[in-house]
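What follows is a single structure, written as structure tokens, with notes after it.
The values are calculated or read from the model by the stated rules, or taken from the named source; none is laboratory data. What you are looking at is a predicted structure, and each value in this text was computed from that prediction instead of being measured. Counting neighbours? That spans all protein chains shown, and the Cβs are built from the backbone with ideal geometry, glycine included.
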Amino acid sequence: MQVWTATFSKAFQEFGYRPMLSSPCLFVKEKEDNISLVSMYVDDGGMTTADEEERRQLIEFLRERFQMMKDLGVMKYFIGMEIQKGEEPNTIQLYQKGYIEKVLLQYNMRDCKPVNTPMV
């Protein structure tokens, strides 16, 4: 899998993105007053930018290098998080309901009774 990650990293850097030191699977590109972010996790990725032309050009660039690349439109789910547009302008909301339900099921706690504190 490291070869795949290195291949994507090289492609993003060719297009002017740089990996974040704190998270090498997160790439950033600053252009004038716009910041574009791309996150890759195995073979799944997401992008956020206010620059529609940047988005279009990056998708075209990646499609030339990776024939299986698909644009799935507005992101709704990524690495276990549900993503929704926030009520306030320029905001998003993240949910992990699916992950929480999976953990409860794994530990046979699906029917547990929640309380406000760990001890009643």
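When you check Q2 against the structure, is it under 30 Å from C112 (Cα atoms) and free of Cβ contacts under 8 Å to residues at least 12 places away in the same chain, yes or no?
No.
Can you find even one residue in segment 108-115 that is in contact with a Ser or Thr (Cβ under 8 Å, 6 or more places away or on another chain) and basic (K, R)?
Here is the first cut: in segment 108-115, the residues in contact with a Ser or Thr (Cβ under 8 Å, 6 or more places away or on another chain) are none.
No, segment 108-115 contains no residue that is in contact with a Ser or Thr (Cβ under 8 Å, 6 or more places away or on another chain) and basic (K, R).
For segment 92-119, name all the residues that are assigned to a strand (DSSP E or B) and hydrophobic (A, V, I, L, M, F, W, C).
The first filter runs over segment 92-119 and keeps only residues assigned to a strand (DSSP E or B), leaving 92-95.
Those that are assigned to a strand (DSSP E or B) and hydrophobic (A, V, I, L, M, F, W, C): I92, L94.
Of (1) at pLDDT 90 or above; (2) assigned to a helix (DSSP H, G or I), F27 satisfies all except one. Which?
Result: F27 passes all but (2).
As an exercise: evaluate M69 against (1) touching a strand residue (DSSP E or B) at 6+ places or on another chain (Cβ under 8 Å); (2) on the phi < 0 side of the Ramachandran plot; (3) among the aliphatic types (A, V, I, L, M) and give the number of the one condition it does not meet.
(1)
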